[in-house]
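Here's the structure we're looking at; comments come further down.
Nothing in this text is a laboratory measurement; each read-out follows from the coordinates by a stated rule. What you are looking at is a predicted structure, and each value in this text was computed from that prediction instead of being measured. For neighbour counting, all protein chains shown are included, and Cβ atoms are generated from backbone atoms with ideal geometry for every residue, glycine included.
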């Protein structure tokens, strides 16, 4: 795999707790230090382009994400994104040719004990090296075609449509 | 993906600490409860066939692993294994047809904070769904052809031969 | 030490993350399972009397806490409480005689990796067995007389007045 | 409390896993970084004087520990020590006057998820500030007079004699 481009956009995966404001805020992206800690054997570059809860990601934001990926030379891209509108963003990226793009995130912040963040990142990393070009989603341990998946908000999980 | 067959053979990933004997032992396989915790969206079955440090896995043991996989109906198999002789076992499995088999393990026990276990399992899970049939290795965040990888014991990591 | 009475009132220590509402909530008290996990050698009983962020703990709430403790037979009491008004509650309890009461909490939820929750609970548990009767605070690894401590909100820590 | 002297002697608390040697070894003391992470409000100094499994701590070693503490100006001392001969070492220190000395350790390494290390350190920290001079043990959430406690090796816990 060529150098992996990692685009971070916010989401629960990067939420941290600020006692000050008695609230959770999106902090700096965790994925870089997680991959360093795991001593991965591939090169990567992290581009942190926004810190948004994905309920607030707009179509204009999606264009920013689209442009950042489309203009890059990278052939392999991992995008961390909030889970609520991850499918929508994936569908927006689907027209970008010659790149394998995998979106993932987490249902619990990476800073939480027992978070799914590290597992999902691992999943996405394994898949991005082996999938054909196109936009894909890695959540709940499954690799999804974004046309065939939705987030079930009640059950707080991704499932086939 | 059809029901994922998970074969566990021991290795560092499942090492736990017994203060009693002031020593480590390979405990029961961690992967099942990790996948439950991550609420994965696929069915799986764990077959715990041995608990060996892979320095002590013999060719007879490899035959046992080979048979357990070859006679199964599963088309997708994840094997957890010690890292020291993982490549050797992978090469032994390479002749099994029509199954995608991914071997992984960990350089630090799953019970450790900051272990690579969950990340590696995620990696293997992502890859097993997307790889073509054959035997593969998922370590250090990379997917390897077992003919082209070795464990560098000094650096304690997997790298291309 | 006689049976330790543990009174839980909420606070950051028990905050958990609900992705559902993209928000945090105070969940069920963590202290009981933490002490079970640590296999403590003393008997204890947990009375969960409210789940409040301590910015919202009222004087009426303080009376409820006061009554629950004063009418109990327990000679040793540990109270988990939000950090913002912990001092105020401690001062309210100071007139209760013949009981050693230690208040503690956490600046990061117990569910967080690297939380101070377990350390603070340990601190309070060690202190409650050895302090004379009265109301005390255990935060930042120090045992405080509530008349001589305040929470520095800017620095997010407790310090001497 | 004056500046806390922390003397580290090894033990399970500081055991880490070396995949290289397929074994657990005592690594550098964890207590300093744990206390930093907990942002404790007191000054402390760590003196790492040995790295021994306490089954191998000899009477000569105990003299070394005794001397290090007796010649120090510190009035408050926390000693981390293996659990197997912790009581014996505590009894050796009992004749040192005018110092409150609390010994603790862990039944699982600090590097383990779910270790008792942080809780026990908290316990010892809370107790050392409030106990009268003498040698004490903090294990299983209890503060023990070393003359009245032993480690039950079968049950892997400390209990009254």
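Work out the mean other chain Cβ neighbour count within 10 Å for the residues of A:108-117 and drop it here as an integer.
6
Could you list A:69, D:31 in order of exposure, starting from the residue whose Cβ has the fewest other Cβ atoms within 10 Å?
A:69, D:31
Is it possible to state the helix-based mean residue ellipticity at 222 nm for chain A, with each DSSP H run of 4+ residues giving -39500 (n - 2.57), the sum divided by total residues, to the nearest 500 deg cm²/dmol? What is it? Don't jump to the answer; show the numbers that get you there.
Numbers: 4 runs with 39 residues, N = 161.
Mean residue ellipticity, 222 nm, calculated: -7000 deg cm²/dmol.
Return an integer: the convex hull volume of the alpha-carbon atoms of chain B, in Å³ per residue. Before the final figure, lay out the partial values.
Details: hull volume 17.9 nm³, N = 161.
Spelled out: Cα convex hull of chain B, divided by residues, is 111 Å³.
Please list the equivalent ellipsoid semi-axes of the protein assembly as shown, computed as the square roots of five times the alpha-carbon gyration tensor eigenvalues, in descending order and whole angstrom.
Values: eigenvalues 427, 203, 79 Å².
One finds semi-axes of 46, 32, 20 Å for the protein assembly as shown.
In terms of the Cα gyration tensor, with a ≥ b ≥ c the square roots of its eigenvalues, is region C:52-94 rounded because a/c is under 1.5, prolate because a/b exceeds b/c, or oblate?
Details: a/c = 2.11, a/b = 1.67, b/c = 1.26.
Prolate.
If you average 1/r over all unlike Cα pairs in region D:92-148 and invert the result, what Kirkwood radius do you get in angstrom?
Mean inverse Cα-Cα distance, inverted, gives 11.7 Å.
To one decimal in nm, how far is residue D:18 from the same spot in the other copies, if labels go 7 Å from Cα toward Cβ? Please give the shortest first.
Computed spacing set for this position: 2.3, 4.5, 5.0 nm.
State, as an integer percentage, the relative contact order of region C:1-106 based on alpha-carbon contacts under 8 Å between residues 6 or more apart.
RCO, region C:1-106: 38 percent.
Sort A:43, B:114, D:84 so that the residue with the fewest other Cβ atoms within 10 Å of its own Cβ comes first and the one with the most comes last.
Numbers: A:43 9, B:114 13, D:84 19.
Neighbour counts put them in this order, fewest first: A:43, B:114, D:84.
So if R0 is 60 Å, what FRET efficiency would residue C:147 and residue B:2 give, r being the distance between their Cβ atoms, rounded to the nearest 0.05?
0.35
Using just the C-alpha positions of region C:1-79 as equal point scatterers, what log10 of I(q)/I(0) does the Debye formula give at each q in 0.13, 0.14, 0.18, 0.26 1/Å?
-0.46, -0.53, -0.81, -1.24
For peptide D:32-41, compute the average count of partner chain beta-carbon atoms within 10 Å of each residue's beta-carbon.
For this peptide, the per-residue mean of nearby foreign Cβ atoms is 5.
Between copies, how far apart are the residue B:159 label points? List them in nm, one decimal, shortest first, with each point 7 Å from Cα toward Cβ, please?
4.7, 4.9, 5.3
What residue of chain D has the nearest C-beta to the axis that moves D onto A, and what is that distance in Å, given as a whole number?
Result for the axis mapping D onto A: D:113, 4.
Can you classify region D:52-129 as rounded, prolate or oblate using the Cα gyration tensor, where a ≥ b ≥ c are the square roots of its eigenvalues, rounded means a/c under 1.5, and otherwise it's prolate if a/b beats b/c and oblate if not?
Verdict is oblate for region D:52-129.
List, shortest first and in nm to one decimal, how far the label point of residue D:70 (7 Å from Cα along Cα→Cβ) is from its counterparts in the other copies.
5.2, 7.1, 8.0
What residue among D:48, D:94, D:60 has the largest mean-square fluctuation in a Gaussian network model of chain D, using Cα springs under 10 Å?
Per the Cα network of chain D with a 10 Å cutoff, D:60 tops the list.
Which shape class, rounded, prolate or oblate, goes with region A:119-161 when its Cα gyration tensor gives a ≥ b ≥ c as root eigenvalues, a/c under 1.5 marks rounded, and past that a/b bigger than b/c marks prolate?
oblate
Using a Gaussian network model on chain D with a 10 Å cutoff between Cα atoms, which of D:56, D:76, D:66 fluctuates the most?
The residue that fluctuates most here is D:56.
Please find, in a Gaussian network model of chain D (springs between Cα atoms separated by less than 10 Å), the residue of D:90, D:68, D:117 whose mean-square fluctuation is greatest.
Fluctuation is largest for D:68.
Could you compute the FRET efficiency for residue C:154 and residue D:33, with r as their C-beta to C-beta distance and R0 at 25 Å, rounded to 0.05?
The value I calculate is 0.50.
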